[in-house]
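*Asks:* Take a look at the following structure, please.
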Amino acid sequence: MNNQETYRSTISDFLGVDQKNIQTYWKGRVALYTALKAMNIGKGDEVILPAFTCVVVPNAIIYLGATPIYVDIDKNSLCAPVKNIEDKISPKTKCILIQNMLGLSFEVDEIIGLASSRGIYTIEDCTHGFGGTYNGIFNGLKTDCSFYSTQWNKPFSTGIGGVLYVQNKELLSRIEELNKALKNPNLKNVMILRFLIFAKTYILKNWSYWFLLRLYRKLSSLGLVVGSSSKDEIEGVNKPNDYFMGSSNVQASTGIKALKKFNKVIEMRRENGIKINEWMQSQNKCHFSGELIGNHSFLKFPVLVKNRDSFLLAAEKFKIPMGDWFISHLHPVQGDLSPWKLNVSEFPIAREVSEQIVNLPTDINHMDSLMKFLEKHKNELL
């Protein structure tokens, strides 16, 4: 068994599925693109998705000539509810994209039931959700396909990377055929990725987080490192030339190691997430209700704040490694979103949340500093 096969086997063993149903890619968006292509989605077709996501998601739809149809989110779950989705279904709807948000899958059974009754495919976006569960079943195992991201700050990381789970047998045979055209990552990108994984493992600490984050984003925007998104992906809707690539051996070996200790990590995130939620509830701040807690794996804990810039600056002074997903309807793009066929005025909840959200870390062993920070800045929380 080679490195790639061992990696897929490790993932399939964790999820309790057949290895043949697991495919791996250079990035998670490539997994989504492949699934959509296997569904024969193209010009004239529509794909429904939340108006609060990463720009690479509608990109995959547009690259195939299809049209993204956005729906507003629910403020409590930050996910798109079934009632909003149903309102947007048309004869052109070919697929519904269900998004796990920061570890929470929401109304999955209801959305699948709706889609099934209309003959529509479903894909779960589990880029935030690997290892979490929905009603006792691992996230992503109920839809026709699901895709996971293994990039920085995702449930488990291989630097960058993506995984596709395919439940639909007809789609699986098409995907296996499509995968024959996958390109191998070039040596330069693999070597850069290897260095970045080393840096994240041995250099990235709470005290260096903010400096390294800014440096990485700057170098990524200049195309000098392997970034989350290329310039082409965030400045327009033209598919990059090196888009359709498979997983490298560096990603496979890193993923195998990460999954060996993954159960402890996800348990820690959930315990910390529940602790934060209880504190937020005690302060009468935005928190998750009991029925949502049971399905949340807390990749991050989202909070809404009065002034995001000042709150993040305060977090930096406290050396708290905080995130800013999503700063716009289509993170990280700000400004004119018309190239992605999105009018922000149509989605008031997503707009409000994108202006106020920050993400608290949950993968830290000692919560004292974070809880002290929250106590000191609780008047800035909504």
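*Asks:* Just to be sure, is Trp207 in a loop (DSSP other than H, G, I, E, B) and buried (at least 16 other Cβ atoms within 10 Å of the Cβ)? Break it down into steps so the answer makes sense when it comes.
*Replies:* Working: in a loop (DSSP other than H, G, I, E, B): yes; buried (at least 16 other Cβ atoms within 10 Å of the Cβ): no.
So Trp207 does not fit the description; no.
*Asks:* Would you check which residues across the range 325-349 are surrounded by fewer than 16 Cβ atoms within 10 Å (Cβ to Cβ) and in contact with a strand residue (DSSP E or B) (Cβ under 7 Å, 6 or more places away or on another chain) and list them?
*Replies:* Lys341
*Asks:* Which numbered condition trips up Asn135, out of (1) on the phi < 0 side of the Ramachandran plot; (2) in contact (Cβ under 8 Å) with a residue 24 or more places away in the chain; (3) more than 15 Å from the chain's Cα centre (by Cα)?
*Replies:* So Asn135 meets the others, but not (1).
*Asks:* Looking at Leu193, Leu182 in this structure, which one is buried (at least 16 other Cβ atoms within 10 Å of the Cβ), closer than 27 Å to Ile96 by Cα and of a type outside the set (Val, Ile, Thr)? Working first, answer last.
*Replies:* On the way: Leu193 fails: closer than 27 Å to Ile96 by Cα.
On inspection, the qualifying residue turns out to be Leu182.
*Asks:* Does Ile111 satisfy the criteria of being among the aliphatic types (A, V, I, L, M), under 17 Å from Thr53 (Cβ atoms), modelled with pLDDT of 95 or more and assigned to a helix (DSSP H, G or I)?
*Replies:* Numbers: among the aliphatic types (A, V, I, L, M): yes; under 17 Å from Thr53 (Cβ atoms): yes; modelled with pLDDT of 95 or more: yes; assigned to a helix (DSSP H, G or I): yes.
It is true that Ile111 is among the aliphatic types (A, V, I, L, M), under 17 Å from Thr53 (Cβ atoms), modelled with pLDDT of 95 or more and assigned to a helix (DSSP H, G or I).
*Asks:* Report every pair of residues separated by at least 6 positions or lying on different chains whose Cβ atoms are under 9 Å apart, first residue within the range 337-351 and more than 17 Å from Val57 (Cα to Cα), second among the aliphatic types (A, V, I, L, M) and assigned to a helix (DSSP H, G or I).
*Replies:* Arg351/Val344
*Asks:* Among the residues of the range 75-92, is any in a strand (DSSP E or B) and surrounded by 23 or more Cβ atoms within 10 Å (Cβ to Cβ)? Break it down stepwise before answering.
*Replies:* The initial filter retains those residues of the range 75-92 that are in a strand (DSSP E or B), namely none.
Checked the range 75-92: no residue is in a strand (DSSP E or B) and surrounded by 23 or more Cβ atoms within 10 Å (Cβ to Cβ).
*Asks:* Checking Leu222 against (1) crowded, with 18+ Cβ neighbours inside 10 Å; (2) of a type outside the set (Phe, Trp, Tyr); (3) within 30 Å of Pro321 (Cα to Cα), only one condition comes out false. Which one?
*Replies:* Failed condition: (1).
*Asks:* Another one. How many residues, within the range 114-165, are among the aromatic types (Phe, Trp, Tyr), part of a loop (DSSP other than H, G, I, E, B) and out of contact with any Phe, Trp or Tyr (no Cβ under 7 Å at 6 or more places or on another chain)? Talk me through it step by step, then tell me what you get.
*Replies:* Within the range 114-165, the first condition is being among the aromatic types (Phe, Trp, Tyr), and the residues that meet it are 121, 130, 134, 138, 147-148, 152, 156, 165.
Next cut, part of a loop (DSSP other than H, G, I, E, B) only: 130, 152, 156.
Next cut, out of contact with any Phe, Trp or Tyr (no Cβ under 7 Å at 6 or more places or on another chain) only: 152.
So the answer is 1.
The values are calculated or read from the model by the stated rules, or taken from the named source; none is laboratory data. This one's a predicted model, so the numbers in the text were calculated from it and none came from an experiment. Every residue, glycine as well, gets a Cβ built from its backbone with ideal geometry; the counts of neighbours run over all protein chains shown.
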